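Notes for the one structure printed next.
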Amino acid sequence: MLPIETESPHILLLRIGYEGGLVELYTQTLDLLAPVWRESNEMSFNDNDDEIWVERRMEYADFNAYWQDFTSRERWFYGRPLVIHPAIRTHVRRALDQVRSLPYDYGQPERFRYVARWQKALPVC
């Protein structure tokens, strides 16, 4: 995984922590129509039941393709956002608004607890 350093040739758009893993979304330009890629690592087990770290990389045509795939998952907001680049904050806010507008019986109040995590990661504008 590339650190969030200014010397990096890649731009970190999103970093999400999960129990036993991490997902990072990168691009080489802030043009959201440019290709992006997701790097992830997660703890898993090998055939001997030893804990191992598995790294994966997946490429997307652009940020919108990634975001549509990511937010199409029912509980996409369960991860803990660690970094949200300013270039994608509007997309995140819109997606959170959609989650907040779901019917009351849809995982509430747990849903609001997870959405609050994302809200904390977004600066007030």
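The residues listed here are TRP67, TRP53; of these, the one that is out of contact with any Lys or Arg (no Cβ under 8 Å at 6 or more places or on another chain), of a type outside the set (D, E, K, R) and closer than 22 Å to PRO123 by Cα is TRP67. Selection within region 68-106: residues that are in contact (Cβ under 8 Å) with a residue 40 or more places away in the chain and of a type in the set (A, V, I, L, M, F, W, C). The member of this set that is farthest from ALA116 (Cα to Cα) is ALA87. Spot the failing condition for SER40; the list is (1) at pLDDT 85 or above; (2) of a type in the set (Ser, Thr, Tyr); (3) in contact with a Leu (Cβ under 8 Å, 6 or more places away or on another chain); (4) not in a strand (DSSP E or B), and only one is missed. Among (1) at pLDDT 85 or above; (2) of a type in the set (Ser, Thr, Tyr); (3) in contact with a Leu (Cβ under 8 Å, 6 or more places away or on another chain); (4) not in a strand (DSSP E or B), SER40 violates only (4). Residues that are among the aliphatic types (A, V, I, L, M) and in contact with a Ser or Thr (Cβ under 9 Å, 6 or more places away or on another chain) within region 45-80 comprise ILE52, VAL54, MET58, listed in sequence order. Here the condition is being among the small types (Gly, Ala, Ser) and in contact with a helix residue (DSSP H, G or I) (Cβ under 6 Å, 6 or more places away or on another chain); of ALA116, ALA121, ALA95, it holds for ALA95 alone.
The number of residues in region 57-84 being over 10 Å from the mean Cα position of the chain (by Cα) and within 18 Å of ILE11 (Cα to Cα) comes to 9.
Quick one: how many residues across region 8-22 are farther than 15 Å from ASP62 by Cα and either out of contact with any strand residue (DSSP E or B) (no Cβ under 7 Å at 6 or more places or on another chain) or assigned to a strand (DSSP E or B) (or both)? If you could, list the steps in order and put the result at the bottom.
Kept after step one, since they are farther than 15 Å from ASP62 by Cα, are these residues of region 8-22: 8-9, 15-22.
Filter once more, keeping what is either out of contact with any strand residue (DSSP E or B) (no Cβ under 7 Å at 6 or more places or on another chain) or assigned to a strand (DSSP E or B) (or both): 8-9, 15-19, 21-22.
Total meeting the criteria: 9.
Have a look at LEU32, LEU102, LEU25, LEU82 and point out the one that is closer than 20 Å to LEU122 by Cβ, touching a helix residue (DSSP H, G or I) at 6+ places or on another chain (Cβ under 8 Å), modelled with pLDDT under 90 and not in a helix (DSSP H, G or I).
The unique qualifying residue is LEU102.
Listed here are the residues, each with its yes/no results for (1) surrounded by 13 or more Cβ atoms within 10 Å (Cβ to Cβ); (2) not hydroxyl-bearing (Ser, Thr, Tyr).
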| site | (1), (2) |
| --- | --- |
| ILE52 | no, yes |
| ARG56 | no, yes |
| TYR60 | yes, no |
| TYR66 | yes, no |
| SER72 | no, no |
| PHE77 | yes, yes |
| LEU82 | yes, yes |
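The values are calculated or read from the model by the stated rules, or taken from the named source; none is laboratory data. Treat the numbers as computed from the prediction; the structure is a model and nothing was measured. Neighbour counts run over all protein chains shown; Cβ positions are idealised from the backbone, glycine included.
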